[in-house]
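To start, the structure under review is shown below, and the notes come after it.
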Amino acid sequence: MTAELHTLTGAYALDAVPGEEAAAFERHLRGCPACGQEVRELQETAARLGRALATAPPPGLREATLTRVAHTRQWPPSIARRGGAVKPRVALWGAAAAAVGALVFGLVTTGTDPAHQLPTAVDAVLTAPDASTVKGAERGTTTVVTSRSQGKIVVLAGELPPLAAGKAYQVWLIGASGVHSAGLLAPDGPHRTHPVLAELPGGIDRVGITAEPAGGSPAPTVPAVVMVSLA
């Protein structure tokens, strides 16, 4: 049971662990610093992503969602038996993935407005089964999420130093195949930026952020303000 408890950090961070199992996991946390740290980091990342991407839902979204739920067949949980015990592990992780999407994007995943399409595409990366998250803390806090199955990367940067007039932060994907621009970090209020979503070339092992002219550069012109290793 203890070995299985180590796998609940993500679901617990999103309040997706049912009562008795949550109580058992909380007892486990009191004696497992590694799990405690992972839960805190996951909760912090989810909160930052939620703040950065928060947006008012379009009119009628709540009613449309409730109507769709009422007419959508719910798949039964996949039950795994081990030693006679019944554990709805797959259902639990499904709830965790759904919680990520709801928490981070406020259920804004419908419509044809480009403002709604970005959260949908980002959501697909964050909830991909092979999604990998790396955090950097060099001159600000940068979170990078990659999914090889989606072929995408999401970069969310916060608390970067103020820019001089006529400058913008540009994200670079760096690896054996060279240096590729992932786009500019568009400001979203003080000390916040919109996430950057880009194709993920093969062999990328670092993400850098530089201060470039406002329109962007074909290649970095100054040293990186932030460099995050994906290794």
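The values are calculated or read from the model by the stated rules, or taken from the named source; none is laboratory data. Quick caveat: nothing in here was measured; it's all calculated off a predicted structure. Here the Cβ is made from the backbone with ideal geometry for all residues, glycine too, and neighbour counts use every protein chain on show. In case anyone asks, the SASA skips ligands and DNA or RNA and just uses the protein heavy atoms, side chains included. Shrake-Rupley method; radii C 1.70, N 1.55, O 1.52, S 1.80 Å.
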Probe radius 1.4 Å, ligands and nucleic acids ignored: give me the carbon and sulfur share of the accessible area of region 117-231 as a rounded percent. 58
Karplus 3J(HN,Hα) series, Hz, for region 207-220 with 6.51 cos²θ - 1.76 cosθ + 1.60 (x for Gly, Pro): 10, x, 10, 10, 8, 10, x, 3, x, x, 10, x, 8, x
Accessible area of region 143-183 divided out per residue, in Å², using a probe of 1.4 angstrom: 40
For SER177, solvent-accessible area (1.4 Å; no DNA, RNA or ligand), Å²: 60
Computed FRET value (nearest 0.05) for ALA219 with THR7, which takes r as the C-beta separation and R₀ as 35 Å: 0.25
Which length gain, in nm to one decimal place, applies between LEU230 and ARG30 when the Cα-Cα distance is subtracted from 0.36 nm times their residue separation? 69.0 nm
Pair HIS180, GLU44: separation of 7 Å Cα→Cβ label points (nm): 3.0
